[in-house]
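Here the structure is laid out as structure tokens; the discussion comes afterwards.
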Amino acid sequence: MSQSVTTDKIEQKLEATSLENGSNGHEEKLVNHNAADDESADEDDEPTNGDATQGGGGTGSSKNKKKKKKSGAAKRKAKAANSNPVTQTEPPRVGITKIFPDGIFPVGEIQQYDESKFDESRKRVTAEELRERERLTQQEEGFDYNLIRRAAEVHRQVRRYAQNTVKPGMSMIDIAEIVEDGTRALVEANGFESGIGFPTGVSLNECAAHYTPNAGDKRILQSSDVLKIDFGVHVMGRIVDSAFTMTFEETHNPLLEAVRAATNEGIKQAGIDVRLGEVGAAIQEVMESHEYDVNGKTLKVKCIQNLNGHSIERYSIHGGKSVPIVAMPNLDVKMEEGEYFAIETFGSTGRGYVQDQGDCSHYARKAVLPKNLPIRVTSARPLLRTISNNFGSLPFCRRYLDRTGEKNYLLGLKHLVQLGVVQDYPPLCDIPGAMTAQYEHTILLRPTCKEVVSRGDDY
């Protein structure tokens, strides 16, 4: 989900954040869920390996004894491995924990940091200390890496189905519901424990972000459209935010290639102690090196300068830091260990600048509410209660309010926006006739390495 900030305010906002907080390549690879770098899996296996080194006779009786000495976790893994594996259905409706009964989910793509970016204090930390720091971090509530990996695997399986299913002639509501129904089923939606991270964006053509259909929207996908699908999945508030673009004709495929390459460059450059302004410069250099011809006219690909990536916090899709996609040489705010970031880039054949346009569908309640609210519209107070009980600070859309049974809520919703209790996020569009594309991944800056948690074999 994109973060929109006017260009002249981005630097001020990030500098303020810094004061307040005190703060390779493009190979696509998905590591098996029994990967050796998973701490918990290694620890469960160690007692079994120890038993295997004892006795040494290799007789049938000694083997049986070794099996009895397996830990409970090892027994569960063995049972899961020997039983018939559960496979996903089409459309996807099998909860992801049924497919991974051991509770160990696939690790994302691992990239090593550019250590030349490290400050002097970090360069003195040993590899052993970093591994111990990583182990201790995961013991804290909400920091177990399997939470974000579970959400990421849901994202991969849902988007795979969407990529194979979405076709011209479908309504935008149907497209959004393909994603949302699959997400709810696979993540086994359960209140604030797991569910949709934010409304499914299905922005078309010059609209770059924040469009999802409201009830009654009749728009139909056309073969000439450029469709951005941007959706989120959360587990215990850990949100995976990832997006891709689809075309149904070859005309604008070079635009997609430029944006995908720019996103991968941003991921490559990101890391602990890296300045955000440097990430933006690298993204812009790659993105704007692309151009292509349509009907004899050369179209230059431009970064959409007032859209940004962003840090992600628990239950908050837009954290305190923005990741620009254009050069900002005076921006010295750094990425830090333990942070989650959505690295997303937007390319356009238009001006490279978006403005609010059209009916709003995306909203989010502020994380902290004032004690005394001067609510003057009768319907606003129960509506706020519904929003708090169902979404908290997670973004929502009008269709999601419809699902809760809310009716005639538009006046109350407008009042909550005017009070500053709820933030509205209207569609963000370039000039008519422009085409825009988006690619996005969620990364985790682990103490030992950078993990692109949402990476798949598609992008």
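The values are calculated or read from the model by the stated rules, or taken from the named source; none is laboratory data. Computed from a predicted structure; not experimentally measured. Every residue, glycine among them, receives a Cβ derived from its backbone with ideal geometry; neighbour counts consider all protein chains shown. The area values use the complete protein model at the heavy-atom level, side chains included, leaving out ligands, DNA and RNA. Shrake-Rupley method; radii C 1.70, N 1.55, O 1.52, S 1.80 Å.
Here are the numbers for this structure:
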| quantity | calculated |
| --- | --- |
| Neighbour cut-off at most 10 other Cβ (10 Å), DSSP loop, trypsin sites (Lys or Arg not before Pro), segment 142-240 | K218 |
| Sparse-neighbour loop sites [trypsin sites (Lys or Arg not before Pro); segment 375-459; at most 12 other C-beta within 10 Å; DSSP] | R376, K407 |
| Built amide H within the under 5 Å cut-off of S194, gap 5+ | M236 |
| Sequence of S393, S116 from largest to smallest accessible area, 1.4 Å probe | S116, S393 |
| Under-5 Å amide H pairs with A208, H placed in peptide plane, nonlocal only | L428, C429, D430 |
| Cα-centred dipole magnitude for segment 127-252, charges only on beta-carbon of K, R (+1) and D, E (-1), debye, nearest 20 | 260 debye |
| Lys, Arg +1 and Asp, Glu -1 on Cβ, resulting dipole of segment 399-443 about Cα centre, debye, nearest 20 | 220 debye |
| Peptides ranked, highest mean first, by Cβ atoms within 10 Å: ranges 423-433, 317-327 | 317-327, 423-433 |
| Global geometry of segment 152-301, whether rounded, prolate or oblate, following the gyration tensor of its Cα atoms and the 1.5 cut on a/c | oblate |
| Accessible area per residue, Å², segment 308-360 with all protein chains present, probe 1.4 Å | 33 Å² |
| Gained length - K123 relative to Q139, 0.36 nm times residue gap less alpha-carbon distance | 3.3 nm |
| Where GluC sites (Glu not before Pro) fall in DSSP loop in segment 233-307, at most 14 other Cβ within 10 Å | E249, E250 |
| Size of charge dipole - segment 111-158 - debye, nearest 20, with Cβ of Lys, Arg +1 and Asp, Glu -1, no other charges | 180 debye |
| Gained length - N84 relative to R314, 0.36 nm times residue gap less alpha-carbon distance | 79.3 nm |
| Model label zone, N408; criterion: amide N under 18 Å from point 7 Å along Cα-to-beta-carbon; scope segment 342-385 | 376-385 |
| Where labels lie 7 Å past Cα in the beta-carbon direction, separation of M170 and V377 in nm | 3.3 nm |
| Karplus-derived 3J(HN,Hα), 6.51/-1.76/1.60, for each residue of segment 145-153, Hz, glycine and proline x | 4, 5, 5, 5, 5, 4, 4, 5, 5 |
| Label-point separation in nm, D114 to D457, each point 7 Å along Cα→Cβ | 3.1 nm |
| Amide hydrogen neighbours beyond the local backbone of T345, cut-off 5 Å, H modeled | Y439 |
| Segment R131-K366, extension gain: residue separation times 0.36 nm, minus the distance between their alpha carbons | 81.0 nm |
